[in-house]
Amino acid sequence: MPTAPRSSFVAIWFVLDAILALFPPIYWVAGGPTPLIAGIPCSIVYFVLLSAFIVGSLLAAYADDESRGAFKAPV
Amino acid sequence: MIITFGLVALFCIAVVVVLQMAHITDKSFTDYAVANRSFGPFYQAMSFLNTWWPGGIFLAITGLAASGGVISFYFLVYSLLTVVLMYVMAERVWLWGKLFDLRTQPDLFALRYNTRSMGVVGALVGIISGIPWLILGFKGLGDLFQAMSFGKMGATEAVIAGVLLMVVRQFWTIRMGMRGVVISDMLQGLAAYIGGTVIIIGLILWLLFGHGFRLSALHPAQVTLPGLGSAVGPHYDYAIIFSGALGGWCWPSIFIRLYTADSVRSVQRAGAFGAPLSFLFAGGLVILGLLASFLPEVAKAPDAMWFTVCRMAGGPFLLGLGGVVVLAATMGNVDGNIQASGAQIANDIIGSFKPLDHKQSVIAAKIGMLAVTLVSAWLSTLAIPHLFMLAILSYQGIIQLAVPQYLGIFWKRGNAAGALAGVIIGFAAAVILQSVYPLSIGWAWGLTSGVIALIINAAIYVGCAVLLPHSAAEATRVDGLFALTNSRVPSAGAVRALALKPRRA
């Protein structure tokens, strides 16, 4: 029986990873010193949140792979 | 010096002991080259991290953060995106590897494009592009020896000492094969990334509470990314992250990780579980570098700041630990690179012209590894003023493999002609553009040489696919290859029908 495809939630998350990391207008806007968020320059917050976002997508993808039985194949 | 070198010596002894205890005779070249796909996820995660992050990263990330600012986060972002890309492509690659006993990245090229030439070109690009990283690794060790001898060792002496240490270490890698690399990666990984992260957090706390430094007090230039109207160009940030993400799996030493796993699950688990650690570790290094930039000693010599801050915060003991951490990380990276180069020289370069049996393959691989080690070691004793440029060049070169690799995995129409012409012309274009525009290209709004070369490369690949379509037989063969990864259990008959030209023993 064929495995269910990757959940669209994860697929969309992956696409968002790429957009938030690579689309120049986003880092032109977020990549500056202001506004200060909790006393931390905006660009630092941008990168920390972006990285955490990508890490989240990977953990979600792994969980999704487990739940749709992607690892159950006897190879 | 006894404390600093003593700690390093203890660590080296521990690694050797672990390797000897784990020594198992490899039964076939597959064993030697990929440890017969038998390692589980925790080993995989440590092994991946240890190969991915070179020891020099402790110096490079903090140095760039201290001198260039937040752009230093790009290392972390592209490293994470590389794992995302792996999630998307791993299954098909691993499955083909298992079904056709693929051992290296050029094996994959040979399977997909039905020609050994692509394998040879791919191997050459991979090995050549990797040499600057080896040189960086050896020179990083030189910095380490200089710092730990408190300046008593000269620059050249220190590099030679570092090279000798690696050569001695290579003796064990050559004996052990891939299995040895993965096992020692575990120990090195624990020291470098878990131990290293603990040190990083400690140093950050020391800077925040011992010195009262604050991120909000940083100069605006340090916390601003290049945008419209900047010197390097508005597309520079995107170009370096994109190149890094795409180039990640093109490194032979990284790609071979896909074949050392016992299943796709292990590969993906290694990536997913390694990611939070990379986040803490690499993210921490940037924050550390930014905060440490307030120290006058660091502002004077940002590239050596890892050792400087360790020494300031904890004297010779912490300096020694800081050195062990860099050494551990360097070993893994140099190991994996040399191991993969050896396998490729035997398997894909020599093996393409004269089929080798298991014993001959192993000997050829060992000789190849020795040659690569000696060439890199010799080059690293030369004074090379623009070393960082060589490393950037190496990335612009390696990403040219991304076109035949990724397009080959996801698109059926690409053919051998497009792959070969694209890579050769792309690599040449990257070298020429990089020598003219070492940082970024002004007329391309900050794009780097590798990205422009990649566009040319991809255009040739797609052009050839459209203008020189597959023969009917080849189209059927490629369709069959892709179809194998749609069904969960491909039949043996289906696999046999697709077998490529006769393989070596």
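Using only Cα atoms, tell me the angle between helix A:42-67 and the longest principal axis of chain A; keep it within 0 to 90° and round to the nearest 10.
10 degrees
FRET efficiency for residue B:474 and residue A:6, Cβ-Cβ distance as r, R0 = 22 Å, nearest 0.05?
Taking R0 as 22 Å, the efficiency between residue B:474 and residue A:6 is 0.15.
Just for the Cα atoms in the protein assembly as shown, what are the lengths along the principal axes, largest first, rounded to whole Å?
Computed over the protein assembly as shown, the largest-to-smallest principal extents equal 70, 52, 49 Å.
Relative contact order (percent) for chain B, with alpha-carbon contacts under 8 angstrom and 6 or more residues of separation?
Reported as a whole number, the value is 29 percent.
If packing is taken as the average number of other Cβ atoms within 10 Å across a peptide's residues, how do B:311-317, B:470-476, B:194-200 rank, most packed first?
Sorting B:311-317, B:470-476, B:194-200 by mean packing, highest first, produces B:194-200, B:311-317, B:470-476.
Can you give the three extents of the C-alpha atoms in chain A along their principal axes, from longest to shortest, in whole Å?
53, 22, 18
Straight-line reach from residue B:300: which aspartates and glutamates have Cα under 18 Å away, leaving out those fewer than 8 places along the same chain?
B:143
For the peptides A:54-60, B:338-344, what is the packing order when you average, over each peptide's residues, the other Cβ atoms within 10 Å and list the highest mean first?
On the way: A:54-60: 20.1, B:338-344: 29.1.
Going by the mean number of other Cβ atoms within 10 Å, highest first, we get B:338-344, A:54-60.
Under a point-charge model restricted to the Cβ atoms of Lys and Arg (+1) and Asp and Glu (-1), what is the dipole moment magnitude of chain B relative to its Cα centre, in debye to the nearest 20?
Working: 29 positive and 17 negative charges, 217 e Å.
Dipole magnitude for chain B comes out near 1040 debye.
If one takes the longest principal axis of the Cα atoms in chain B, at what angle in degrees, from 0 to 90 and to the nearest 10, does the Cα axis of helix B:196-205 lie?
Helix B:196-205 and the main axis of chain B meet at about 40 degrees.
Is there a simple number for the mean count of other chain Cβ atoms within 10 Å of the Cβ of residues in A:27-34, and what is it?
6
For Cα pairs less than 8 Å apart in space and 6+ apart in sequence, what is the mean separation divided by the residue count of region A:29-69, i.e. the relative contact order in percent?
Values: 20 pairs, mean separation 10.0, N = 41.
Reported relative contact order: 24 percent.
Could you grab the relative contact order for chain A? Cα pairs under 8 Å, six or more apart, rounded to a whole percent.
Rounded, it is 40 percent for chain A.
Give the Rg/Rh ratio for region A:29-69, taking Rg as the radius of gyration of the Cα atoms and Rh as the Kirkwood radius, to two decimals.
My calculation puts Rg/Rh at 1.28.
Between the helical axis of B:264-292 and the dominant principal axis of chain B, each derived from Cα atoms, what acute angle in degrees is found, rounded to the nearest 10?
So the helix axis and the longest Cα principal axis differ by about 30 degrees.
Quick one: if you stick a label point 7 Å off each Cα along the C-beta vector at residue B:1 and residue A:40, how many nm between them?
4.2 nm
Go ahead and estimate [θ] at 222 nm for chain B from helices alone: -39,500 (n - 2.57) per DSSP H run with n ≥ 4, summed, over the residue count, rounded to 500.
Computed ellipticity for chain B at 222 nm equals -23000 deg cm²/dmol.
Can you list residues whose amide H is under 5 Å from residue B:447's amide H, if they're 5+ apart or on another chain and H is modeled 1.01 Å from N?
Long-range HN contacts for residue B:447: B:235, B:441.
Would you mind calculating the gained length between residue B:101 and residue B:382 on full extension (0.36 nm times residue separation, minus the Cα-Cα distance), in nm to one decimal?
Working: separation 281, 0.36 × 281 = 101.16 nm, distance 4.06 nm.
Taking 0.36 nm per residue and subtracting the Cα distance, the gain is 97.1 nm.
Going highest first, how would you order B:65-73, B:153-161, A:29-37 by mean Cβ packing within 10 Å?
B:65-73, B:153-161, A:29-37
Normalized C-alpha radius of gyration of chain B, against 2.2 N^0.38 Å?
Normalised by 2.2 N^0.38 Å, the Cα Rg of chain B equals 0.96.
For B:211-220, what's the mean count of beta carbons from other chains sitting within 10 Å of each residue's beta carbon? Please report the intermediate quantities before stating the final value.
Working: counts 0, 0, 0, 2, 7, 7, 2, 5, 1, 5.
Taking all residues of B:211-220 together, the mean is 3.
So for B:101, A:65, fewest C-beta neighbours within 10 Å to most, what's the order?
B:101, A:65
Based on alpha-carbon centroids, what's the gap between region B:325-366 and region B:196-242 in Å, whole number please?
38 Å
How well do other chains shield peptide A:47-60, expressed as the mean number of their Cβ atoms within 10 Å of each residue Cβ?
Counting Cβ atoms of other protein chains within 10 Å of each residue's Cβ and averaging gives 6.
Which of the chymotrypsin sites (Phe, Trp or Tyr not before Pro) found in region B:133-175 are loop residues per DSSP with 14 or fewer other Cβ atoms within 10 Å of their Cβ?
When the chymotrypsin sites (Phe, Trp or Tyr not before Pro) of region B:133-175 are filtered for loop state and at most 14 Cβ neighbours within 10 Å, B:150 remain.
So how far, in whole Å, is the C-alpha centre of region A:4-52 from the one of region B:151-173?
Each part's Cα centre sits 41 Å from the other's.
Read-outs throughout are calculated quantities, based only on the coordinates presented, and are distinct from any laboratory measurement. Owing to the predicted nature of the structure, the values given are computational and were not obtained by experimental measurement. Here Cβ is always computed from backbone atoms with ideal geometry, including for glycine, and neighbour counts include all displayed protein chains.
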